[in-house]
Amino acid sequence: MHLTLEFGGGLELLCQSTKIHSVDVKPKPGEDKLAMRDLLVWVKSNLIKERPEMFMKGDSVRPGVLVLINDCDWELCGSLDTELEEKDNVVFISTLHGG
Amino acid sequence: MEEGGATAKPRRATGRLCSTCNQRKAALKRPKTLEQICRECFYSVFEDEIHNVIMDNNLFKPGERVAVAASGGKDSTVLAYVMSELNRRHNYGLDLFLLSVDEGITGYRDDSLETVKRNEIEYGLPLKVVSYKDLYGWTMDEIVKTIGLKNNCTFCGVFRRQALDRGAALMKADKLVTGHNADDIAETVLLNILRGDIARLSRCTFITTGEDGPIPRCKPFKYTYEKEIVMYAYFKKLDYFSTECIYSPNAYRGFAREFIKDLERMRPRAILDIIRSGENFRTATSTKMPEQGTCERCGYISSQKLCKACLLLEGLNRGLPKLGIGRARGTNGLNKRVEQRNLRPERTGSSIESKQCGTLDF
Ligand SMILES: [Zn+2]
Ligand SMILES: [Zn+2]
Ligand SMILES: [Zn+2]
């Protein structure tokens, strides 16, 4: 599944200062759907190069990290349970850096 | 960019409608009210709430010259944008300008000052930059070279707070506005509780402070959630700068911040409730406020003969850079010695109200 992932608000520093990543993510073996829950795990192990605790806490994003799926607050579409679709655009923004 | 891009795609069953206009697709969930709201309605309610806070608290008078503390970070960028917008829309009659501090940290301010300079052009607000070198005779890099990395946050916080006041005075401002938001204030309330600092606990929720001093400060974002500030900046594509201070952040404050964010996830109202708790403490303790005088060297508000900045400067200039570092209630030997040097028990840790360098903000 093709996705565009965008990191902002300082989170890009955790992935070698690259803000936009065009990626191909496959659902877990035996499943045909990819949920946000799985995407986070994938991002943590494939894109985050340092201080993963700034990105995730438990099985979700760290509180204070905002997530938008196709420019819509993920809290409106199921947060961790949101099922991703082809060509979705997912944005992660930290509110914890700088003022 | 307005609507469009990826948003145009027909979405999953969640294309919920805005609870305000019932016409457009909701774009975010407001932490304050849990409403689902579209972008346009969000812009209106976000700006209107700030306007109402300004009016209800009589923050400004027509004709005042107002400095907007501008760090290039998210809060001050959105503040500059919204203040400029509201001033025009509602005819506040304010003479607004951006005020920025250059601490002299190699590689840090260079980028964020560039951001502020872009804001100057985009929002049509004149910019004034004051440097630590001008104000104190020392850049932050020079201070760190002298004292090491360990204690520089004390200098960051104290010098930054005064730099804005001194810069504002230099520019003949009547008032200074800062981008402290609801999350910041809730965090400060908690920290003051954790430190048992009841006098500051009562003061830290005031929307305007320093009214008896030369430059009163106010916080139009007192009730504005950080989430909404960041969403607003994102949707409006406002250009801000986000990097941590390259010098070490304040761990204790970071811990309080994380706690606030955890609470917010469970119950977003918690942030406003903590602020209200702080506000209500104030009445109960208002009679015990310590007296405040002014520094005999620079005139800044201080409960000591010398204000914290002048004490730190004296240490630096005399080659005793540790002078003035540490808290009155500190437990190690150094702090005790410092304590003995002060004539009165010092209310130090000046202004945890101002952000410390972890967020290198104001
Ligand atoms: Zn609407
Ligand atoms: Zn002084
Ligand atoms: Zn610092």
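The values are calculated or read from the model by the stated rules, or taken from the named source; none is laboratory data. Not measured: the values here are computed from a predicted model. Glycine also receives a Cβ, built like all others from the backbone with ideal geometry; neighbour counts cover every protein chain displayed.
List of remarks:
- Subset of the range A:70-83 (residues that are within 16 Å of B:Y232 (Cα to Cα) and more than 7 Å from every other protein chain (Cβ to nearest Cβ)): A:W74
- Scanning the range A:78-99 for residues that are crowded, with 22+ Cβ neighbours inside 10 Å and not polar (S, T, N, Q) yields a total of 9.
- A:K57 being of a type in the set (D, E, K, R), within 25 Å of B:S242 (Cβ to Cβ) and more than 10 Å from chain B (Cβ to nearest Cβ): no
- Within the range B:36-54, the set of residues being farther than 15 Å from B:Y225 by Cβ, buried (at least 18 other Cβ atoms within 10 Å of the Cβ) and within 14 Å of chain A (Cβ to nearest Cβ) comprises B:Q36, B:C38, B:R39, B:C41.
- Matching residues in the range A:68-83 - criterion: being touching a helix residue (DSSP H, G or I) at 6+ places or on another chain (Cβ under 8 Å) and assigned to a loop (DSSP other than H, G, I, E, B): A:N70, A:D71, A:G78, A:T82
Residues are listed down the side, and each one gets a yes or a no for (1) within 13 Å of chain B (Cβ to nearest Cβ); (2) part of a loop (DSSP other than H, G, I, E, B); (3) closer than 30 Å to B:L113 by Cβ:
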position	(1), (2), (3)
A:L14	yes, no, yes
A:K28	no, yes, no
A:R37	no, no, no
A:V43	no, no, no
A:L66	yes, no, yes
A:E85	yes, yes, no
A:F92	yes, no, yes
A:L96	yes, yes, yes
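- Identity of the residue in the range B:62-97, at pLDDT 95 or above and assigned to a strand (DSSP E or B), that ends up nearest to the other protein chains (Cβ to nearest Cβ): B:V68
Residue by residue, here is whether (1) away from ligand 2 (no atom under 16 Å from the Cβ); (2) within 14 Å of another protein chain (Cβ to nearest Cβ); (3) surrounded by fewer than 23 Cβ atoms within 10 Å (Cβ to Cβ); (4) without any contact (Cβ under 8 Å) to a residue 24 or more places away in the chain holds:
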| residue | (1), (2), (3), (4) |
| --- | --- |
| B:K128 | yes, no, yes, no |
| B:Y136 | no, no, no, no |
| B:M140 | yes, no, no, no |
| B:V144 | yes, no, yes, no |
| B:G148 | yes, no, yes, yes |
| B:D174 | yes, no, yes, no |
| B:H180 | yes, yes, no, no |
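- Residue list for the range B:40-72, filter: within 8 Å of ligand 1 (Cβ to nearest atom) and either in contact with a helix residue (DSSP H, G or I) (Cβ under 9 Å, 6 or more places away or on another chain) or hydroxyl-bearing (S, T, Y) (or both): B:F42
- Residue pairs meeting the criteria (Cβ under 8 Å; at least 6 apart or on separate chains; first under 19 Å from A:I48 (Cα atoms), in the range A:20-34; second charged (D, E, K, R) and exposed (fewer than 10 other Cβ atoms within 10 Å of the Cβ)): none
- One residue stands out among those in the range B:295-307 that are near ligand 2 (Cβ under 8 Å from one of its atoms) and not aliphatic (A, V, I, L, M): the one that is farthest from the other protein chains (Cβ to nearest Cβ), which is B:E296.
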